Amino acid sequence: MNVIIASLNPAKINAVKTAFNQAFPNTMFNFTGISVDSGVPDQPMSCIETKQGAINRVNNAKAQSPDASFYVGLEAGIEKNSTFAWMIIDNGEKVGESRSSSLPLPPAVITAVNQGKELGDVMDEQFNTDNIKQKGGAIGLLTNNLLTRSSVYQQALILALIPFLHPERF
């Protein structure tokens, strides 16, 4: 089965691979990351905007590669003082969705984001890292790597796969 991931971010791609392989251990998947527009600002600043970004990514991936078995859109955003992400999975018949856990952001980070910077860039500045958004993410930095962006996304992706794990109920 072909799975199109509407992102080239390694942390997102790894989360999708792990979630699908855990949810469907007897299925062979071919995973492909593609670059698509989210249709929302680079740093979504509300739950609604973030979810719309994930939906737009799926729709744009479907238009770009119309023959996949699954399309997966992930979009990270901020609302008030927390960051989280939306997961949208679409197979053309059903749509599964889930929101990841939220984590609080330090006040200095929120101030910088509210001034127009992307969260990943702010975290790199504050923690003296490089391209953290494609690695452990803010989650990794703030939990001392007890959790990572991929690990938290993986959990939310498994939840978004519920309609596909139990199609007779959805």
- Note down the accessible area of Arg57, probe 1.4 Å, to the nearest 10 Å². 40
- Message: Could you sort Ser38, Ser101, Ser46 by their accessible area in this structure, using a 1.4 Å probe and putting the largest first?
- Response: Ser101, Ser46, Ser38
- Message: Can you tally the lysine pairs in the chain where the Cα-Cα distance is under 28 Å and the two residues are eight or more apart, or on different chains?
- Response: 26
- Determine the relative contact order of segment 39-170: mean sequence separation of Cα pairs under 8 Å and six or more apart, normalised by residue count, in whole percent. 19
- Message: Given a 1.4 Å probe and heavy atoms of the protein chains only, how would you sort Ile162, Ile4, largest accessible area at the top?
- Response: Ile162, Ile4
- Taking a 1.4 Å probe, which of Ser69, Ser35 shows the most accessible area, and what order do the others take after it? Ser35, Ser69
- Correct choice for Cα extents along the principal axes in Å that was computed from the model, options [x] 46, 31, 28; [y] 41, 39, 33; [z] 68, 31, 20: [x]
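Got a number for carbon plus sulfur as a percent of segment 22-170's accessible area, 1.4 Å probe?
Taking all protein chains in place, segment 22-170 shows 49 percent carbon and sulfur surface.
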- Message: With every protein chain left in place and a probe of 1.4 Å, what is the accessible surface of Met1, to the nearest 10 Å²?
- Response: 110
- Probe 1.4 Å, all chains present, heavy atoms only: Leu159 accessible area in Å², nearest 10, is 90
- Message: Restricting to DSSP H runs of at least four residues, report the calculated mean residue ellipticity at 222 nm for the chain, -39500 (n - 2.57) per run over all residues, nearest 500 deg cm²/dmol.
- Response: -12500 deg cm²/dmol
- Message: Per residue, how much accessible surface does the chain expose to a 1.4 Å probe? Answer in Å², no decimals.
- Response: 50
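The values are calculated or read from the model by the stated rules, or taken from the named source; none is laboratory data. All values reported here derive from a predicted model rather than from experimental measurement. Only protein heavy atoms, including side chains, enter the accessible area calculation; ligands, DNA and RNA are left aside. Shrake-Rupley method; radii C 1.70, N 1.55, O 1.52, S 1.80 Å.
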